[in-house]
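Before any comments, here is the structure.
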Amino acid sequence: MIKLAPSILAADFANLGAEIEKIDKAGAEYVHIDVMDGLFVPSLSLGFPVIKSIRKYSNRVFDVHLMVENPDRYIDETAQAGADIITVHVEACKHIHRTIQKIKEAGKKAGVVLNPGTPLETLEYILEDVDMVLLMTVNPGFGGQKYIETMTTKITNLRKMIEERKLTVNIEVDGGIKLDNLSKVIEAGANIIVAGSSIFNEDTAKNIHNFKEVIKRYS
Ligand code: DX5
Ligand code: ZN
């Protein structure tokens, strides 16, 4: 099943509740929430009070992407704020296996994120433990960047790795996904699609409709 996860980083923060209702109504299955700490990535975005406030506007899956150093410090708060999936960067964790267990102990789905330059080998001994792998298709920190072409092979190779092990791990892609490269990442093996600037841009509902039209061809 291919799911769409609009990244609210590109939404109008003054009207977040309404923005979330809009994507929910238009049929996006996930809400992708980018938390940045100004340390792991240069920018700051939003934190737990915001996640808590928007939780009441949608029952969709809250997919929280933690771009923070040592995310162990925030797993419980992220869970309590209303996350359904918590994803952490392998580059930001000293003990990634332990962090994954911590997410599961909090009763949430666990995801790990790999920056573009981080090899798939880092997943070797943790792939069995996660629900989702998020492959960054841009360097994290900002919306509106260009898709890094070499990431297509990385998606293909990860899908192969998952199939060889007969696992059901989801592959999420994040960064620079637009209507014109959507088919490419799906064909490579991605099944959760994050998109920020290409969704929250002029007519959000229409953008979601267009994305879903492409996705439908693969369902
Ligand atoms: C980038 C974030 C993304 C971002 C994607 O660090 O993780 O989720 O919002 O934005 P677009 O789709 O505009 O590249
Ligand atoms: Zn993200």
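Nothing in this text is a laboratory measurement; each read-out follows from the coordinates by a stated rule. Everything numeric in this text was worked out from a predicted model, so none of it was measured. Quick reminder, even Gly has a Cβ in these numbers, built from the backbone with ideal geometry, and neighbours come from all protein chains shown.
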Want the number for Glu213 to Gln101: 0.36 nm per residue separation, take away the alpha-carbon distance, what's left? 36.6 nm
Neighbour-count order for Val50, Val185, Val88, fewest beta carbons within 10 angstrom listed first: Val50, Val185, Val88
Using the Karplus curve 6.51 cos²θ - 1.76 cosθ + 1.60 with θ = phi - 60°, what ³J(HN,Hα) values do you get for each residue of the stretch 96-109, in whole Hz, with x for Gly and Pro? 4, 4, 5, 4, 4, 5, 5, 5, 5, 5, 7, x, 10, 6
Out-of-range pairs (alpha-carbon distance over 19 Å; input Lys146/Lys178; Lys25/Lys206; Lys184/Lys216; Lys52/Lys178): Lys52/Lys178
Arrange the following residues from fewest to most other Cβ atoms within 10 Å of their Cβ: Lys166, Lys56. Lys166, Lys56
For Lys94, the lysines lying under 19 Å Cα to Cα, once residues fewer than eight places off in the same chain are dropped, come out as Lys102, Lys104
Rounded to 5, the percent of DSSP beta bridges in the chain classed as antiparallel: 5 percent
Under a 10 Å cutoff between Cα atoms, tell me which one of Ile193, Ile100, Ile148 has the largest fluctuation in the Gaussian network model of the chain. Ile148
Just to compare against my own numbers: the Cα pair-distance distribution for the stretch 22-113, 5 Å bins, whole % per bin, please. 3, 15, 27, 25, 18, 9, 4, 1
In whole Hz and in residue order, list the ³J(HN,Hα) couplings for the stretch 164-175 that follow from phi through the Karplus curve 6.51 cos²θ - 1.76 cosθ + 1.60, θ = phi - 60°; x for Gly and Pro. 4, 8, 6, 9, 10, 5, 7, 10, 9, 10, 8, x
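What ranking of Thr122, Thr87 emerges when the number of other C-beta atoms within 10 Å of each C-beta is taken as an exposure proxy, fewest first?
Details: Thr122 14, Thr87 26.
The most exposed by this proxy come first: Thr122, Thr87.
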Label-point separation in nm, Ser53 to Glu21, each point 7 Å along Cα→Cβ: 1.6 nm
Between the DSSP loop rule and a limit of at most 13 other Cβ atoms within 10 Å, which GluC sites (Glu not before Pro) in the stretch 135-219 are left? Glu149, Glu202
Between Asn157, Asn170, Asn15, find the one with the highest GNM mean-square fluctuation for the chain; connect C-alpha pairs within less than 10 Å. Asn15
Over the alpha-carbon set of the chain, divide Rg by the Kirkwood Rh and report the Rg/Rh ratio to two decimals. 0.93
